[in-house]
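Note sheet for the following structure.
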Amino acid sequence: MEPQIQYATTSDGVSIAYWGIGRGDPTAVFVTSPPFSHIQLEWQWPEVRRFYERLAEDRTMVRYDGRGSGLSERDVSHFSLESQILDLEAVVDALGARRVALLGYVDGGPAAVAYAARHPERVSHLLLWCTYARGGFMDETQVQGLFALLDKDWRLFTETLVYTMSGFSGGEIALRWADFLQHSTSPEMVRLVWEASFSVDITGLLPEVRTPTLILHPSQVRWANPDEARALASRMPNARIAFLEGVSGVQWWDESGGLTQIQEFLGEGEPSARQAEPAAPGTFRTILFTDVEGSTALTQRLGDTEAREVLREHERIVREALRTHGGAEVKTMGDGFMASFPSATKALECAVAMQRAFEERNGGVGAHGRAPLQVRIGLNAGEPIAEDDPEGRGDLFGTAVNLAARIAALAKGGEVLVSDVVRQLVAGKGFLFADRGDVALRGFEDPVRLYEVRWRPFDSPSADATGGSG
């Protein structure tokens with residue numbers, strides 16, 4: 001059964017067609033790649049349909065046609081990156097989803113990046129497939145040559161484009177693609193979109209995107225320079241890159257096109273990419289705080305730009321550890337994070353992994369001359385209060401949270417401090433603790449027993465150490 005086509009209206013009055021399949025969170029929005037899009041025709045391709053159905057197995061999957069294409073309003077006289085963003089905003093607003101994952105494909109990538117930079121609170125994941133930051137993949141000479149053909153023969157133009165851009169040498173699939181392109185838009189729209197592509201430049205937005213980002217790039221497509229993908233990844237604080245072998249520049253639905261990587265990236269196994277979900281009253285959690293030691297002095301010493309680069313490394317290491325150990329990022333405070341875990345063992349393993357990663361970063365190859373990154377980590381466990389903050393994002397409050405923050409503030413750079421509750425919860429799990437005694441903490445009437453986690457391989461038991469047996 002075909003999905004039901006719905007319509008959203010942009011702030012400048014353009015009607016945008018979209019459909020959604022699947023159910024539940026997260027919601028994944030496939031950002032259209034102008035000007036060739038037709039959400040009804042592509043559903044009739046078994047391969048494409050299976051791709052969307054696979055993505056919708058554990059989430060809501062949304063697809064839309066941008067202005068001038070497919071089932072959306074065709075009678076448009078202007079096109080720009082800004083108009084692309086308006087199309088995307090209209091669809092996301094119509095969905096009513098608090099947060100979405102964006103999948104930006106080829107020419108849809110810049111709009112996805114720009115939206116994530118403008119609305120960080122609304123984007124949980126950003127996935128970019130074979131895209132760029134500036135000016136598109138074709139230079140003006142190539143475009144003008146294709147324009148000459150466009151003006152003479154629309155059918156021949158679409159066939160030529162398929163052969164040159166898709167990697168298909170011929171056969172039924174190439175003819176099917178040419179037919180799809182011909183019916184998805186008009187020659188006038190192609191000219192508008194391609195002329196607008198020369199002015200696209202989102203380079204300045206890349207450092208502002210904090211959303212966890214996966215960049216997939218086919219390495220054997222001659223028109224898609226891998227340097228474009230490297231340039232994106234090098235400027236985005238939380239991006240990682242994967243090069244795909246032997247795939248077409250347009251065949252994103254294939255297994256070889258990264259379906260497995262997409263599933264893993266968007267899947268339930270990566271909770272740190274999402275804000276903490278609201279919990280029922282009485283839910284027991286382990287709360288973790290990180291804090292970069294001397295961040296103010298670091299900024300004064302290095303200047304804003306270099307200090308920010310150091311803090312980005314802190315963000316990257318923390319988020320990677322959270323993904324690996326099943327932690328949920330609650331919020332970031334500039335030079336620190338708050339995260340929660342359903343398991344005290346996983347939380348402590350995550351804290352140790354973070355400190356080992358920071359130590360490797362400080363002393364590894366290429367570390368000479370870099371500012372050291374010393375991070376305090378504190379943990380506590382209890383039953384926090386879960387509420388939405390004023391912007392609608394999940395947040396945690398209460399005594400359990402306040403105590404975890406106080407514990408982190410007492411730690412030194414490179415230390416992991418935990419409450420006695422955490423130590424008892426991980427009894428028998430192989431962690432080594434040093435008793436720091438009872439400590440008076442601001443805002444707490446009674447002293448709190450604290451323990452330092454001995455995480456370095458060369459740490460050895462001492463007279464004040466305990467194996468966590470209670």
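Can you list the helices (runs of 4 or more DSSP H) found entirely within the range 9-102 that contain at least 3 residues being closer than 19 Å to Ala117 by Cβ?
81-95
Out of Asp93, Asp75, I need the residue that is acidic (Asp, Glu), under 23 Å from the mean Cα position of the chain (by Cα) and at pLDDT below 95. Which one?
Result of the check over Asp93, Asp75: Asp93.
Being among the hydroxyl-bearing types (Ser, Thr, Tyr) and surrounded by fewer than 18 Cβ atoms within 10 Å (Cβ to Cβ) is the filter here; which residues of the range 193-214 pass it?
Once the filter is applied, which keeps residues that are among the hydroxyl-bearing types (Ser, Thr, Tyr) and surrounded by fewer than 18 Cβ atoms within 10 Å (Cβ to Cβ), the range 193-214 yields Ser199, Thr203.
For a quick check of your reading of the model, give me the residue pairs whose first member lies in the range 63-78 and is touching a residue at least 12 places away in the same chain (Cβ under 8 Å), whose second is of a type in the set (A, V, I, L, M) and surrounded by fewer than 17 Cβ atoms within 10 Å (Cβ to Cβ), with beta-carbon atoms closer than 7 Å and at least 6 apart or on different chains.
Between residues of the range 63-78 that are touching a residue at least 12 places away in the same chain (Cβ under 8 Å) and residues that are of a type in the set (A, V, I, L, M) and surrounded by fewer than 17 Cβ atoms within 10 Å (Cβ to Cβ), the close pairs are Leu71/Ile5.
Among all residue pairs at least 6 apart or on different chains, which show Cβ distances below 9 Å where the first residue, located in the range 298-315, is over 21 Å from Glu359 (Cβ atoms) and in the same structural domain as Phe337 (by TED's automatic domain parsing) and the second is acidic (Asp, Glu) and modelled with pLDDT under 80?
Going by the 9 Å Cβ cut-off, the qualifying pairs are Thr299/Glu306.
Taking the stated definitions as given, is Ala381 assigned to a strand (DSSP E or B), modelled with pLDDT of 90 or more and either touching a Leu at 6+ places or on another chain (Cβ under 7 Å) or at positive phi (or both)? Show your work before the answer.
Details: assigned to a strand (DSSP E or B): yes; modelled with pLDDT of 90 or more: yes; either touching a Leu at 6+ places or on another chain (Cβ under 7 Å) or at positive phi (or both): yes.
Spelling it out, Ala381 is indeed assigned to a strand (DSSP E or B), modelled with pLDDT of 90 or more and either touching a Leu at 6+ places or on another chain (Cβ under 7 Å) or at positive phi (or both).
Taking the options Glu89, Glu47, Glu53, Glu42, name whichever one is out of contact with any helix residue (DSSP H, G or I) (no Cβ under 9 Å at 6 or more places or on another chain) and in contact (Cβ under 8 Å) with a residue 60 or more places away in the chain.
Step by step, each of Glu89, Glu47, Glu53, Glu42 is checked, and only Glu47 is out of contact with any helix residue (DSSP H, G or I) (no Cβ under 9 Å at 6 or more places or on another chain) and in contact (Cβ under 8 Å) with a residue 60 or more places away in the chain.
The values are calculated or read from the model by the stated rules, or taken from the named source; none is laboratory data. This one's a predicted model, so the numbers in the text were calculated from it and none came from an experiment. Every residue, glycine as well, gets a Cβ built from its backbone with ideal geometry; the counts of neighbours run over all protein chains shown.
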